[in-house]
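Chemist: Input: one structure, supplied below.
Bear in mind these aren't lab numbers, they're just calculated from the coordinates by the rules spelled out. All values reported here derive from a predicted model rather than from experimental measurement. Cβ coordinates were reconstructed from backbone atoms using ideal geometry, including for glycine residues, and neighbour counts include every protein chain displayed.
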Amino acid sequence: MADLTKLTALELSEKLDKKEISAVEVTNAHFSRIEELDNKVKAFLHLDKKGALEQAQDVDRSRKENKKLSKLAGVPLALKDVLTQKDVPTTCGSKILENWLPPYDSTVVKNLKKSGVIILGKTNMDEFAMGSSTENSAYFPTRNPWDLNKIPGGSSGGSSAAVAAFFAPLSIGTDTGGSIRQPASVTGIVGAKPSYGAVSRYGLVAFASSLDQAGPFARTVLDCAMLHEVIAGHDPLDSTSINEKVPDVVSASKKLEIKGMKIGYIKELSGSGWQKGVINRFNESIETLKSLGAEVREISIPHSVYALATYYLIAPSEASSNLARFDGMRYGLRVDDQNLSAEEVMNKTRAKGFGKEVKRRIMIGTYALSSGYYDAYYAQAQKVRALIAQDLKNAFKEVDVLISPTSPTTAWGLGERVNDPLAMYLADLATLPPSLAGIPAMSIPIGLADEDKLPVGLQIIAPFMQDDRMYQVAATLEASLKNKWNGLLIDSIPDLKVISHG
Amino acid sequence: MGNFETAISKYDPVIGLETHVELSTKSKMFCSCSTEFGAEPNTQTCPTCLGLPGSLPVANETAIESTIRIGLALNCSIAAFSRFARKNYFYPDMPKDFQTSQYDEPLCSNGYLDVVVDTDEGSKTFRVEIERVHLEEDTGKLTHAGGSTGRIHGADYSLVDYNRAGIPLVEIVTKPVAGTNEFAPLVAKAYVTELRDLLRGLKVSDVRMEEGSLRCDVNLSLTPKGAKEWGTRTETKNVNSLRSVERAIRSEIERQATELDNGKKIKQETRHFQEDTGSTRSGRSKEVAEEYRYFPEPDLVPIAPDKNWIEKLRSELPEQPSIRRARLAKEWGFTDLEMRDVTTLGAVDLISETIAKGAKPAAARKWWAGELARRASESSVELTSLKISPEDVARIDQLVNEGKLTDKLARQVIDGILLGEGNSDQVMEKRKLVVVADDSALLPAINEAIAANPDAAAKIKEGKVQVVGVIVGAVMKTTGGSADAAKVRELILKTLGS
């Protein structure tokens, strides 16, 4: 039998549907690979083999009884450890939540279970989703399967690495300022951040409430769309959830036609300071899109240059409040060594339980929200946020989608930016404007950089609740590149069994 | 002059009231948990009101509607766009370590409530202006065990009940009220009374101060007569009955006046009212402005109430309490004083319902403002919390009128009802409460009483019939109050041949 771990979600789905393979076989195949190779990648924080196999048996039973099953029933998935799954550890990559067992399923997990998607385990991440390299995990860093000495991106680095390492055909990440798109870009896979409010945040442990959005990772655009469809939809438990029909991203991913489509590349998001290999691949993509019949032109998003400053006021402000509840009073870590007062327990628990980057952002946020500073920082940032959103809105009067490189560089070396938070923050430069505007954006692989032979990603941005548009462009470009490369970019990834840490 | 009068002769008080009202919605403010009072601790909770990681709030629409109705009844303007805000501070009774409240965008603002107080020159109306009415969530309830103060500092351990966490709470804040002079304590009390009746009329809250569904903080500052600038204010918490509102203001006026007389400055601080002494004690200093880092709640969409809906709510408001009371006083034939008395007791609705069940207005008032008010006060609960219904009271009154109960027996029936022994008839049956009117049953007791009171008997024989009360009283005593007094009187006169 073919190696089941090398198949796409769609291929697995078709074989499962024809009963050529069982969900239990698929699940076991993936666990075998994880057990053999995850010691190199370290994508998972927790494996739920028992739960996953039970789920797989249920799916097989239902299929035997010829019950109507959803398309992805029996297909395995890796879940970012920031989403609650009932009775399965959910740590958010933090010591403060070590051993916490949530008593409830997040809506994303509920939707996955309802569709019969098999949840293999929880993936590593930067603590509370704060970071771009997964090195801020309180447990261990995750490695990039393209080069084990490189970072897999972040904060959803465990989820991107799991898919790139063929531990699962699908995974779920969350994206606050680029935490799906940047890891997808540096691991050569597809990742999408849906429109804000399209996927319920109920059960997503909040980093920055007005920006957080869960989304899919996959190795193909169509797989990504199929997962997108499963997790999106209105949820009465999330006040900010959009009560509208989910854009038909699956049909859009099958169109493979962009003739006459207007595409704008963002003037401010490329050029000097950006890695040459990234720019080369990006320029080639522009040519490819043109050759596919699209009208491509430059568009300016003038306020996008303030996106980084804006984001690093709004996100930490919200985080400082969202993370207040981790105080040792009700769950998680509690430092109570010697007859301490409630206040001392809170202080000591937080001092011990949070990592450096989390503390850094709590401090920035606390400062920005304080009276006397609020107007100059938080309130001002909200104004700039509105201007960036308006710029993007204006741009969409002229073009159908916008593009940019997903990240200024390819994957960097582990440890390289750990002591330079600002360099780390720059990885999000291109992904921040759509986050601040709440509009959908995705990253697809467009080749390897000449210098380091590491993957480069293209960001495609669409207007609010027009997620289907970006999928259409992504799928069309993917088909063209696949043709050119005789396969997907990920097919050229080095064999994990052979490579090792340097 | 007493301390209070002296203080008022030198200083003008400025009062302000912040009232918290627990709404009587079925479910909590941001989740679907029950709000029922008195359940086992921590049984009415869910991920959202426990603030578990990942949980999210969804606003209770009924609570928003109730708040808007309160705002309309208080003559407020209703915001076209309103948002919730996070009030950030660490405390173990707050599951998220921030309270979801409202800050600079409250649902309702700029209203007023007119209140009436009795003065030597007749009744006087004061207008209390309302600054804002906003909606927020309640915190959990802490119980501190061990230690002498009952406060968190010094406690051995503390217990938290999150059943209360997330119950919708409306905060009604007045503007500073100046110019009330010696009436300041009465104006404050009248305001809370009026507000309570208004809320009760709107059916938005149980408004039970002893259960904490209506809680009051009073602000007070003194301005030396003739001075232009107001003095430093204190905020007194824990003022949990109407009487306490009056006492707290009075004692704080006296305290501040003494401080100022002694050349001291008033500290801006939170003070706590103590029921037992009627005075306030110092709490947290507020000289350093508190840092709550308010910001708009990103987990909740803004509220933009539809104008037509607001107008509909306005048109459906019940009659204003003051107008309703004037109408009822006229209908029932109560004097102003009697009406004010039953209003303060919170008995207007109870009397109205008792009358509806057949009692005469005067009788309904007698029971509620008399015997039952005494019982409520004895057990420190409000009249509305007594486990006796207007129907019970109407039936008792009927039984008394029919001669089937004496006043004394009626009190025993009330005992039984309050103890949960059933309705009036069931209690009478169980306790075998019957009026004795039978000659043969009464005569031995009458003869005994006559023998024991020879002087009175002699006077009656001489025709001084008014002395009969002495012997009637003696008979009632020996029969345990069960005798039919009219019948006893008749038999005594007959026996003594008068």
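Chemist: Roughly how many whole Å is it from the C-alpha centroid of the stretch A:446-473 to that of the stretch A:378-400?
Modeler: 21 Å
Chemist: Follow-up. Starting at 0 and stepping by 5 Å, how many percent of the alpha carbon pairs of the stretch B:243-332 end up in each bin?
Modeler: Bins of 5 Å from zero give 3, 9, 10, 10, 9, 8, 10, 15, 15, 9, 3, 0 percent of pairs.
Chemist: On a 22 Å Cα-Cα criterion, which of the cross-link pairs A:Lys15/A:Lys497; A:Lys267/A:Lys393; A:Lys259/A:Lys484; A:Lys95/A:Lys122; A:Lys64/A:Lys255 come out too long? Before the final figure, lay out the partial values.
Modeler: Values: A:Lys15/A:Lys497 26 Å; A:Lys267/A:Lys393 16 Å; A:Lys259/A:Lys484 19 Å; A:Lys95/A:Lys122 15 Å; A:Lys64/A:Lys255 33 Å.
Check vs 22 Å cut-off fails for A:Lys15/A:Lys497; A:Lys64/A:Lys255.
Chemist: Per the Debye formula with a single identical scatterer at each Cα and no solvent contribution, what log10 I(q)/I(0) holds for the stretch A:318-477 at q = 0.19, 0.21 Å⁻¹?
Modeler: Evaluating at q = 0.19, 0.21 Å⁻¹ gives log10 I(q)/I(0) of -1.19, -1.26.
Chemist: Per DSSP H run of n ≥ 4, the term is -39500 (n - 2.57); total these for the protein assembly as shown, divide by its residue number, and report the mean residue ellipticity at 222 nm rounded to 500 deg cm²/dmol. If you can, show how the numbers build up before the last one.
Modeler: Details: 33 runs with 374 residues, N = 1000.
When only DSSP H runs of four or more count, the value is -11500 deg cm²/dmol.
Chemist: Continuing with this model, one more query. ³J(HN,Hα) across the stretch B:44-58 via Karplus (A = 6.51, B = -1.76, C = 1.60, θ = phi - 60°), whole Hz, x for Gly/Pro?
Modeler: 10, 9, 8, x, 5, 7, 8, x, 5, x, x, 6, 9, x, 10
Chemist: For chain A, rounded, prolate or oblate, judged on the Cα gyration tensor with a ≥ b ≥ c (square roots of eigenvalues), a/c < 1.5 rounded, else prolate if a/b > b/c?
Modeler: Values: a/c = 1.45, a/b = 1.06, b/c = 1.37.
Rounded, because the longest to shortest axis ratio a/c is under 1.5.
Chemist: Where a Cα-Cα gap under 17 Å defines reach, which lysines qualify for B:Lys96, not counting those fewer than 8 residues away within the same chain?
Modeler: B:Lys28, B:Lys87, B:Lys141
Chemist: Per residue, how big is the convex hull around the C-alpha atoms of the protein assembly as shown? Give it to me in cubic angstrom, could you? Present the calculation step by step, with values, prior to reporting the outcome.
Modeler: Details: hull volume 224.6 nm³, N = 1000.
Each residue corresponds to 225 Å³ of Cα convex hull volume.
Chemist: Do the alpha carbons of any pairs in A:Lys193/B:Lys312; A:Lys18/A:Lys110; A:Lys356/A:Lys397; B:Lys360/B:Lys387; B:Lys175/B:Lys203 sit beyond 32 Å of each other, and which pairs? Walk me through the intermediate numbers first.
Modeler: Numbers: A:Lys193/B:Lys312 42 Å; A:Lys18/A:Lys110 26 Å; A:Lys356/A:Lys397 43 Å; B:Lys360/B:Lys387 21 Å; B:Lys175/B:Lys203 25 Å.
Violating the 32 Å Cα-Cα cut-off are A:Lys193/B:Lys312; A:Lys356/A:Lys397.
Chemist: Using modelled backbone amide H atoms (1.01 Å from N, in-plane), which distant-in-sequence or interchain residues come within less than 5 Å of A:Thr123's amide H?
Modeler: Amide H neighbours of A:Thr123: A:Leu45, A:Leu79, A:Lys80, A:Asp81.
Chemist: Can you return the lysines within cross-link range of B:Lys459? Criterion is Cα-Cα under 16 Å, with same-chain partners fewer than 8 residues away left out.
Modeler: Hits, sequence-local ones excluded: B:Lys494.
Chemist: Further, regarding this structure: In whole angstrom, how far apart do the alpha carbon centroids of the stretch A:286-332 and the stretch B:358-393 sit?
Modeler: Rounded to whole Å, the Cα centres lie 64 Å apart.
Chemist: Taking a cut-off of 17 Å between Cα atoms, list the aspartates and glutamates near A:Lys40, but don't count ones fewer than 8 places away on the same chain.
Modeler: A:Lys40 reaches A:Glu135, A:Asp147, A:Asp495.
Chemist: Once the convex hull of the alpha carbons of the stretch A:109-264 is built, what does its volume come to per residue, in cubic angstrom? Show your work: numbers first, answer last.
Modeler: On the way: hull volume 19.8 nm³, N = 156.
So the per-residue hull volume is 127 Å³.
Chemist: Tabulate in residue order the Karplus-calculated ³J(HN,Hα) for the stretch A:61-66, using 6.51 cos²θ - 1.76 cosθ + 1.60 with θ = phi - 60°, rounded to whole Hz; enter x for Gly and Pro.
Modeler: So the Karplus estimates, Gly and Pro as x, are 4, 4, 5, 4, 7, 6 Hz.
Chemist: Grab the eigenvalues of the alpha-carbon gyration tensor for the stretch A:338-388, scale each by 5, take roots, and send me the semi-axes largest first in whole angstrom. Present the calculation step by step, with values, prior to reporting the outcome.
Modeler: On the way: eigenvalues 201, 33, 9 Å².
Here the semi-axes work out to 32, 13, 7 Å.
Chemist: Placing unit charges on C-beta atoms (Lys and Arg positive, Asp and Glu negative, everything else neutral), compute the dipole magnitude of chain B about its Cα centre in debye, rounded to 20. Before the final figure, lay out each step's value.
Modeler: Working: 66 positive and 75 negative charges, 143 e Å.
Magnitude of the dipole: close to 680 debye.
Chemist: So, one more: Can you tell me, using C-alpha contacts under 8 Å and at least 6 residues apart, the relative contact order of chain A as a whole percent? Intermediate values should be presented prior to the final figure.
Modeler: Details: 1217 pairs, mean separation 86.9, N = 502.
Reported relative contact order: 17 percent.
Chemist: For the protein assembly as shown, what is the charge dipole size about the Cα centre, in debye to the nearest 20, if Lys and Arg each add +1 at the Cβ and Asp and Glu each add -1 at the Cβ?
Modeler: Details: 124 positive and 133 negative charges, 117 e Å.
Computed about the Cα centre, the dipole is about 560 debye.
Chemist: Among the Cys residues of chain B, which have no other cysteine Cβ under 4.7 angstrom away?
Modeler: B:Cys31, B:Cys33, B:Cys46, B:Cys49, B:Cys216
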